[in-house]
Amino acid sequence: QVVKMAHADETAYGVPTLSQIAGIAAYTQGDAWLRRFVRHLQLRRDQAVGRLRQMPGITCHIPQGTFVTFPRYSGINMNAVELVDYLREEHKVALVPGSPRFFGPAAAGHLRISYATSKGILDERLSRLERGLEALYRGS
């Protein structure tokens, strides 16, 4: 375990000492934490996908190796940017639009939803999303 001490004039060109120490600790002692964190993300993924699949107009595949879902919505006469703006303003839930500008042409009609959070926060976000979608389908 070699740690290079970085001086002020060297930190712009090398890895800071604290980052080296943190990297060594993560590499040598982080397996248990990593297993718990991956399990947490799997549980949140299953929570998100399960709820999303019950929402009107939503199709959602199980993501692999990430902390976001990319569900497709249908039956709403809004592009993803308009829908995200509506949900943020009217239902206080922030999502990322599946904009072709950022994710390519196949992203149209999708929402990007992170599930890298706690069970309670994710549940509240999904409930707000669901209320927003139901309001659109009812026409209110």
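Does residue 45 meet the test of being of a type outside the set (Ser, Thr, Tyr) and either assigned to a helix (DSSP H, G or I) or open to solvent by less than 60 Å² (accessible area, probe 1.4 Å) (or both)? So residue 45 passes the test.
When we screen 36, 44 for residues that are under 15 Å from the mean Cα position of the chain (by Cα), modelled with pLDDT of 95 or more and among the charged types (D, E, K, R), the only hit is 44. Within region 111-140, residues that are in contact (Cβ under 8 Å) with a residue 60 or more places away in the chain and within 21 Å of residue 42 (Cβ to Cβ) sit with their Cβ atoms under 9 Å from residues that are polar (S, T, N, Q) and part of a helix (DSSP H, G or I), at 6+ positions apart or across chains, in these pairs: 115/47; 119/47; 122/47; 123/47; 126/47. Selection of first residues in region 51-69 that are in contact (Cβ under 8 Å) with a residue 24 or more places away in the chain and of second residues that are open to solvent by 50 Å² or more (accessible area, probe 1.4 Å), restricted to Cβ pairs under 7 Å at least 6 apart or on distinct chains, gives the following pairs, ordered by first then second residue: 56/134; 56/137; 57/74; 57/75; 57/137; 67/116; 68/112. All of 26, 6, 22, 12 fail the test of being open to solvent by 80 Å² or more (accessible area, probe 1.4 Å) and modelled with pLDDT under 95, apart from 12.
The values are calculated or read from the model by the stated rules, or taken from the named source; none is laboratory data. Quantities reported herein were computed from a predicted structural model and do not represent experimental measurements. Every residue, glycine as well, gets a Cβ built from its backbone with ideal geometry; the counts of neighbours run over all protein chains shown. Calculation scope for accessible area: heavy atoms of the full protein, side chains included, ligands and nucleic acids excluded. Shrake-Rupley method; radii C 1.70, N 1.55, O 1.52, S 1.80 Å.
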